[in-house]
Structures are given as structure tokens and as C-alpha cells.
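Read-outs throughout are calculated quantities, based only on the coordinates presented, and are distinct from any laboratory measurement. Here the structure is a predicted model, which means the values were calculated and not measured. Every residue, glycine among them, receives a Cβ derived from its backbone with ideal geometry; neighbour counts consider all protein chains shown.
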């Protein structure tokens, strides 16, 4: 019997895989310079072929999701229920793809400066993005696992991309060890849940919606065995690791500091958004309560917001500060995951979008200011640059204010939506903690602005010049969307709510 | 349930007891001498065998073996995924064959990339 | 064989893996410990599938095998690079990043 397969639903993923393979082949087989046919001789891709293929692939995938789905409103399943396409997954796919496009644009100039092989780099980015998309369509343990690994394994390589630099090597090793550890923990949880479903319903399946139904039924009847609870906890711990929620955040600052800046920027936004979506899809709703995970997630969210924001206060390295800030933002998203109503899910989606563009703008400024052999990383490096380059300083300012949650920028509406959903669902104290920690965050988000505008540049500081057009485009796009989402949040909020209703209706 | 494991327990106890007896008799009956006071014959391998020719056995293995090993793993694992297809070969028919070819071609793409980047050259 | 014994054995293996990741200093041993954890998961899946039937777990186990090997291949590449860079594969040598 041939299983039911509809490749039409999988077109974006297939496009990305095809783009990745084409990049690899073009990198290996196309002659790079006239009369010079040594694939190892030139790594800089002078004609931008690799960049072009990558961007075309990403844009095509995004265009298909935006325009090619037809007018089907409900969820569509294929591959015997392994792969699901719905509005919720599609919305997060758009956010992840936009983050990836910005990440690729930020990488290009830097790759040329470092003389790193662009072909392999872009292929890894494309494959990791494919993993993200699969993860967003996953309703089965097998797909969650494969998607998660397809996302993570290229990221380990990308974190260690600067292979002659101690910091990057250490970042890669730490990410690898803790990432694979987290995956193994999650799998153990899945194994226990699989056993529970098999014993309770008599029909063993790795489908997560069947697991959720069985857990809810068993919990209502008071027959939920201890090992199923343990399975739920372990599965969630694995995902929280990937999201760098607080007891499992130790690796985050180190990996984010050591990785190439563009990869840090991309990881901090896209991986986080995708993991939040998976948490919502698997654990959103009453199953969270049935598995007794609600209290755990409450504590984790509170700790994540608190520790992320307080640890960010004492950092001297901007990348490290943004790493802790990303931990904190993960905490806000977890509040939305707790309030898993359609309003809560929509809030997580809007928050992820706002955070993607706000954070990307901050990293884009760092990359814009860096030159060959000189990476802008510490606050001292930023001294006085705002007065020298007011526009770049303004971008940094807007990005910081958006991350802080100051109206009328995108970050404000994200936080507002999350906290409103949380209060509606009765998480008042968590909202109070969230608001207080947001107040703490003002202190460290103001610091780059103060350093850039209020202190004098050291003698000999020059304006950054000669940046690649890709970095300029990414910088401008990120900041424009941050402002635009803030000035006109209505349409995007409606879109998010519609997408989230698709998820909640399917529960 | 427990009765069927009884032989295992007995063998384990027997092995441990035998070991304890042998070591105990040795330490009871054997002469005790410091290492440097031993005659030369006592320092040589016991009763049979020859002294090892190469004392330092830690030779470095060239990293190029590792590269080949990784390429080997790629095709080694392909076989794992061939098993389900082999089991359902008749039922899947042409469709299964085409699916499998797509899978194999994508692996060959990886090999082609490795070859062009010089991973197969034995330097 | 009762499910409890099977899960206990699998958990024992899993805990050994966790302890290895937490306590050992040699990166190769740490990677092997992660493999041990994954094999414990495989054992749990196969054992449960034998008790309750169904083929899903077999698919899962095969996927875990393949992906685990890929992970190790990548991990080895990163560790070999670290050895070239720092002349050691001990986690004690991490000093470039404040952990």
C-alpha cells in the first residue's frame, strides 16, 4: 500500500532543500573566475552566485507560503498525518523565513571579509531553515525529532564556523554537547509518552495529538500513571533547553558570544520563535494542566524573565548583553505559551515577529560598524559612534526602545498582547513579574544609547564606510518593519489572531 | 521469575570465588621482594611470550582517516534506511524504487561535493 | 517481561549517560555518553513497542540511529577542529568564554 502523499503541501520545504543542493553544486562545479577552475582556490564568491541562489530560494519559499496555499482555511494533513499545514504553522514559517533572509543578508559581507567558504555556509543556513519549517508542520514525534535535529545540527557547525578562533570553537562544542543532550532528554520523554499511549488506548502511535487526547482522557479519569507525567516533563525540558529558558540557559551567553555575529542574530530570533511555536502546538491548552506542567512552566517563565533581565545588567559585551536579553524575551514568550488561548497564541506570534525585527536591527548595527579585523562587540567599541553617525545611532536607539517595549514601537504591542492574554487567563502575578522585569530591562537597554550619544569617541575613530549593500538593506528593512509594526499593528495583530484561531480550533 | 536467573548467579559467584582463591594463594605462598631486588628473570613476561618490541604503543593516526571515516558513515547509514524498503519491496513497487533513487541521488550530491572540494584526495 | 523492568533498565542506561555528560572531562567520552542516552531511548522505544505493538516506534528507532550517527559525525568534526586549535579535548580547557 502506498501511503498518501501530497507534495504540493510541502513545496516551501522542498524549495529550500533544492536551493541548498543547488548552492552546494554551484559552489563546487561552477568556475569562479575566468581561467581558474579550482573550487578551493576562491571562496569569496565574487559574483554573488551563492548569495543569489540562497535569497531566491528563501524568497520563493516565502512567496509560496504567502500566495500559493489556495483558499483552504482548515488544517490539511498529508504523509499519513506526519505533516500538517495550517495557518498557525504558516504564520510562524513566514516569521522564521524573514528572520533567515535578514540573517543571510547580514552574513554576506562578513563572510567575504573572513574568507570563509560561502557555499557551505549558505547551504547550512538553508538546511537549518528547512528543519525549522518541518518543525512548524510537525504533529508527530518522528517529525518533531527529525525537524529539530535538521535545525540544530547545521547550527552547531555554523556556531563553530570561525574554526581558527578559540571563542567560536568553544561555542560550537558547548552548543553541540548541550544541544544533543537536550535532544536525548526530549526523546526519553517521547518514549515514555509513547508507552503511555500504547498501554492506555491499546493503540501505540507516535502522533502527538493522539498522545494529547489520551493524556487528557486519563487525567480526567484520574488514571494518569507517574511515568507519563515524567515523560511530559522530560519532553518539555528538551524543548526548553532549545529555547534557553532559565534553569537550562547556561549555554546561551557563551554560544551567542562565540558564534559569528550574524549567526547569533539569526539563532536568537528564529530558533526561539520556532521553539515557542512547537511548545504551543504540543503543550498548549488543557494538556499542560493534565500533565501537571502548568506550575513548572509558571516558575520557569518567571525565573527566565527575572534572571535574563538581571544578568544582562552586568555585561560589558553587547553580544552577551543581547544574549541575556534574548533569554528574557524567551521568558515573555513562555508567558504567552502558558496563556495558550487564541489570544495568547496570537500574542506569541506577534511578539516573535516584533522581537525578530527589533533584535535583528541591533545586531545589524554591530555588523555595520565592524570592519575587517575589527569586530564591534563591547560597549567601549560603541563610544561616541552615535554622534559621529547619527543615523546608525538612531537605528540602535529604535531597536533598543522596541526591545524595551516603549510605545509606539513593535515591541510594545508584543508585550501588551502577551500580558493582556495572560491576565485574561488569570496569570496576574506572572504579569506583575513580567512588568517589573521589563522595568529592570530599561537600565541595560538604555546603556548602548547612552554610550553611543553621550560619551566622546576615542581619538582616531573613523566613520564606518564601504559596507556591503546587503548589510544596509538588512539594517533599513529591520528598523522600518520595527517602526511600521508599531505604528500600524492592527493588520498584523488580526493576522496573528486568525492564525492562532486555526491552532486552537484544531485542539 | 527469579529461579531462571539462578544459574547466572551461581556462575557469577563461582567466578568471583575462583578469582579470590587464586589471588589469595599467590599472596600467601609467593615471596615478597621489592621491585629493584628482583632477579632479572622475574621481571620478564611470565613463563611464555616475549618482551614487547615496541614499548610506546601510542601512535598518532592521521586525520585523513577521519575524513574517509565520515564519508563511510554516510553510506553506512544509507543501508539502515534501505531495510524498510527491502521489507516492503514488492508492495511499494515502482513508486518505492523512485523514492529510493531520489534519496540516493541526494546522497551522491553530497559525495560529489566532497569530491570536488578535495575530500577524497589522499594527501 | 514486565514494563517496569524494561523501563528501569533503560533508565539506568540513560542515567549513566547523563552522569557521563555531567562528570567526564574528555569530550569524546561526553559524546559517547550522549550516544548512550540515545541508545537507552532506543531500547525504551523497542521494548515498549514489543509490549503494545505497532510499527511507529520502529520508525522512530531507525530515525534516531541515523540522526545520532550524523550528530556524532558533525561532533567529531568540531572536536577534531578543537584539538587542532587547542591541542586538547578536555572541557577544562574552556577559557575564552566566561561560562
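Residues that are at the interface with chain A (Cβ under 8 Å from one of its Cβ atoms), buried (at least 22 other Cβ atoms within 10 Å of the Cβ) and under 30 Å from residue A:192 (Cα atoms) do not occur anywhere in region C:77-90.
Within region A:169-191, being more than 7 Å from every other protein chain (Cβ to nearest Cβ) and over 20 Å from the mean Cα position of the chain (by Cα) holds for A:185, A:189, A:190. Which residue is nearest to residue A:242 (Cα to Cα), if the candidates are limited to region A:193-207 and must be part of a helix (DSSP H, G or I) and more than 7 Å from every other protein chain (Cβ to nearest Cβ)? The extreme case among them is A:193. Filtered by the rule that a residue be within 21 Å of residue C:62 (Cβ to Cβ), more than 14 Å from chain C (Cβ to nearest Cβ) and not in a helix (DSSP H, G or I), region A:111-164 gives a lone residue, A:137. Taken over region A:388-423, the residue count meeting the criterion of being assigned to a loop (DSSP other than H, G, I, E, B) and crowded, with 23+ Cβ neighbours inside 10 Å is 2. Looking only at region C:22-58, residues that are closer than 14 Å to residue C:72 by Cβ and either at the interface with chain A (Cβ under 8 Å from one of its Cβ atoms) or without any contact (Cβ under 8 Å) to a residue 24 or more places away in the chain (or both) come to 10 in all. The set of residues in region A:407-432 being within 29 Å of residue A:452 (Cα to Cα) and touching a helix residue (DSSP H, G or I) at 6+ places or on another chain (Cβ under 6 Å) consists of A:408, A:409, A:410, A:411, A:413, A:414.
Within region A:172-207, the set of residues being buried (at least 24 other Cβ atoms within 10 Å of the Cβ) and farther than 24 Å from residue A:156 by Cβ comprises A:192, A:193, A:194, A:195, A:196, A:197, A:206. Checked against the criteria, residue C:54 does not count as part of a helix (DSSP H, G or I) and either closer than 30 Å to residue B:82 by Cβ or in contact with a strand residue (DSSP E or B) (Cβ under 7 Å, 6 or more places away or on another chain) (or both).
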